[in-house]
Amino acid sequence: MKVLVSPFQNPFINLALEDYFLRGGFELPVIFFYVNRPSVILGRFQNPWLECNLSYLVQNDIWMVRRQSGGGCVFHDEGNLNYSILYPYGMINRKLGVELIQKAFKAADIHLEISARHDLWLDGRKISGSAFKQIKEASFHHGTFLVSSDMAKLEESLKHTIIPKESKSIASVRSRVIKLQEKYPEITIEDVIDLVAHELKTPPVTIEPQLLNIFEVQESFKALTSWEWLWGETPAFELEGGIKVHKGLVKEPIQGRFEKKLMNEFFSSADLDKNFPDFTQQEEARLRVF
């Protein structure tokens, strides 16, 4: 199994690369490591208003992202290591990835436990959450690993903006979390990558920036950054007052995008600012790479 490391911290780039590898862009199996700038990553079937503190994200330059896999909402920053283990058809094994990481840490005398949900725990608290995606030809198991993340920002970012009256979305399962440096202050993200690479007896290889020129990578990036994906994939929900929203569109009592300019007669000024903060600067920043 090869070990790839991304030089990019743009979460949309890293997810686009992951999608490219999944769909035949690299010989599998492979483990892909990447670190993202501060971001909240929604599961495929989640509601951003329910899972995120949207105004806090804007105020603290934390990006909102929707990934392809299911599961819950997670916080990424420069102190969190993300891994993605991609398998070709016929090698799908949800336990293999976490067992690999568990074994690599055991060699360093650090004992991690594997939960029934294929998460990793340290001293009774979750240190790594994970999710899965499968297509006909391949699959991946990807997850987070908290090394030195800002836990205060993590907690505040994952507070709700709105509590719907009803929602068809998948709600996150909240757990008490721990970061690795809380118990092992000297360990870095690079050390974690080296532990896994040593277990695999394969040196890490940094991805070449030229991969961003590939058409399929750029198309995946465009899809992941679109309104239709970020907001328009939100499952149906209903608010008090009979406001019904599906796929980011208000169905009742009026019709249109669930946005500030449409909802100004249904919310107070304070609630409008809270529920519909201005993501324009984020939208501009994430596109600068191309």
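Points worth noting:
- Taken over segment 22-34, the criterion of being buried (at least 22 other Cβ atoms within 10 Å of the Cβ) and not in a strand (DSSP E or B) is satisfied by Leu22 alone.
- Count of segment 218-267 residues which are among the charged types (D, E, K, R) and either part of a helix (DSSP H, G or I) or in the same structural domain as Leu17 (by TED's automatic domain parsing) (or both): 5
- Number of positions in segment 110-136 that are of a type in the set (S, T, N, Q), farther than 18 Å from Arg176 by Cβ and either surrounded by 20 or more Cβ atoms within 10 Å (Cβ to Cβ) or not assigned by TED's automatic domain parsing to the domain that holds Gly72 (or both): 0
- Asn10 vs. criteria out of contact with any strand residue (DSSP E or B) (no Cβ under 8 Å at 6 or more places or on another chain) and either crowded, with 21+ Cβ neighbours inside 10 Å or closer than 20 Å to Glu233 by Cβ (or both): yes
- Of all the listed residues (Glu113, Glu78, Glu156), the sole one being closer than 29 Å to Lys168 by Cβ and at pLDDT 95 or above is Glu156.
- Selected residue (criterion: farthest from Lys274 (Cα to Cα)) from residues of segment 169-181 that are surrounded by fewer than 16 Cβ atoms within 10 Å (Cβ to Cβ) and either of a type in the set (Val, Ile, Thr) or touching a helix residue (DSSP H, G or I) at 6+ places or on another chain (Cβ under 9 Å) (or both): Val173
- Scanning segment 201-217 for residues that are surrounded by 16 or more Cβ atoms within 10 Å (Cβ to Cβ) and in a helix (DSSP H, G or I) turns up Leu211, Leu212, Val217.
- Considering only residues in segment 81-110 that are modelled with pLDDT under 95 and basic (Lys, Arg), the one that is nearest to Arg67 (Cα to Cα) turns out to be Arg94.
- Glu219 vs. criteria among the charged types (D, E, K, R) and within 30 Å of Asn53 (Cα to Cα): yes
- Close pairs from segment 1-28: first touching a residue at least 40 places away in the same chain (Cβ under 8 Å) and in the same structural domain as Leu195 (by TED's automatic domain parsing), partner part of a helix (DSSP H, G or I) and charged (D, E, K, R), Cβ under 6 Å, at least 6 apart: Phe12/Arg286; Tyr20/Glu216
- One residue from Gln218, Gln282 being in contact (Cβ under 8 Å) with a residue 40 or more places away in the chain, under 20 Å from the mean Cα position of the chain (by Cα) and farther than 21 Å from Gln46 by Cβ: Gln218
- Within the set Leu81, Leu57, the sole residue that is out of contact with any Cys (no Cβ under 7 Å at 6 or more places or on another chain) and not in a strand (DSSP E or B) turns out to be Leu57.
The values are calculated or read from the model by the stated rules, or taken from the named source; none is laboratory data. Please read all numbers here as calculations on a predicted model, not as lab measurements. No Cβ is skipped: glycine too gets one built from the backbone with ideal geometry, and neighbour counts run over all protein chains shown.
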